[in-house]
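Asker: Dumping the structure here so I can ask a few things about it.
The values are calculated or read from the model by the stated rules, or taken from the named source; none is laboratory data. As the structure is a computational prediction, the values presented were derived from the model and not from experiment. Note that each Cβ is placed from the backbone with ideal geometry, even for glycine, and that neighbours are counted across all protein chains shown. Protein only, heavy atoms only, side chains kept; ligands, DNA and RNA dropped before computing areas. Shrake-Rupley method; radii C 1.70, N 1.55, O 1.52, S 1.80 Å.
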Amino acid sequence: MKKSTVILSVFILLFTFSMGAYAATKYNFTFDGNKKSIDVQLINNKAYVPLNEVTELFGGKVTYDSKSKTYAVTSNSSNTSTTQSELSKTINGVTVKIDKVIQDSDSLKVYLTYINNSNDKINTSVSLSRIVANGKQYSYKHDFNFDRWYKKDVPHADSYIEPGVTAENVIFFEPVNADSINIALTANWEDYKFNNVKITK
């Protein structure tokens with residue numbers, strides 16, 4: 001959600017009791033791995049959800065101006081540091097958590113944990129990892145990782161992780177001139193994205 005305030009017109013009233021004729025049912029709603037049980041109304045095969053509850057998943061808030069009959073959704077993205085909850089995302093029972101990002105003169109190290117609560121083995125897909133800093137993308141480099149991953153005393157996760165297993169891992173990137181980065185990881189062919197992750201130097 002962008003930093004600017006998004007003004008929503010009166011059609012948001014679809015979320016109000018005017019739709020009371022349609023029964024609401026509790027469904028699990030997931031956004032970027034954040035899960036919440038929300039009342040969902042199905043109308044003409046379309047899902048309608050309460051604005052306030054969905055906005056909370058973005059870390060924002062909703063205000064209403066009765067004079068102009070306008071709902072305003074304001075994001076909470078002015079904070080440049082990522083909260084702990086934003087460093088963990090779950091998709092289809094597979095959690096990827098960023099533990100820390102440390103940089104020295106040799107490399108930038110992304111420490112992460114995989115938690116497989118699904119019913120099947122998963123692929124960690126480390127080679128699809130990438131980071132973004134200062135508008136530039138840095139992709140995973142096999143040779144750069146191979147030398148460091150085996151020679152340094154760091155956690156090592158297998159390429160495949162069985163159900164019920166928790167495994168720690170480290171991915172190496174070349175050093176970047178930045179205080180924070182965006183990280184894009186792939187596990188079991190799903191994308192896990194983390195923004196504004198602080199670098200410890």
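Asker: Which cross-chain or sequence-distant (5 or more) residues have an amide H under 5 Å from the amide H of residue 140, H modelled 1.01 Å from N in plane?
Answerer: The answer is 129.
Asker: Quantify, in whole percent, the carbon and sulfur part of the accessible surface of the stretch 99-155 (1.4 Å probe; protein heavy atoms only).
Answerer: 46
Asker: If we count every other residue with Cβ under 14 angstrom of residue 148's Cβ, Lys/Arg +1 and Asp/Glu -1, where does the sum land? Spell out each step's value before the answer.
Answerer: On the way: positive: 109, 141, 151, 152; negative: 104, 106, 143, 147, 153, 174.
Net charge in that neighbourhood comes out at -2.
Asker: If I model a spin label as a point 7 Å beyond the Cα along the Cα-Cβ vector, how far apart are those points for residue 130 and residue 70 in nm?
Answerer: Using points 7 Å along Cα→Cβ, the separation is 3.8 nm.
Asker: Return the tail of the calculated pair distribution for the stretch 50-201, meaning the percent of Cα-Cα pairs more than 20 Å apart.
Answerer: I get 54 percent for the Cα pairs in the stretch 50-201 exceeding 20 Å.
Asker: Rounded to the nearest 0.05, what FRET efficiency is calculated for residue 42 and residue 92 with R0 set to 22 Å and r the Cβ-Cβ distance? Spell out each step's value before the answer.
Answerer: Values: r = 22 Å, r/R0 = 1.01.
About 0.50, to the nearest 0.05.
Asker: Given a Förster radius of 22 Å and the C-beta distance between residue 200 and residue 156 as r, what FRET efficiency does 1/(1 + (r/R0)^6) yield to the nearest 0.05? Walk me through the intermediate numbers first.
Answerer: Working: r = 21 Å, r/R0 = 0.96.
After rounding to 0.05, the efficiency reads 0.55.
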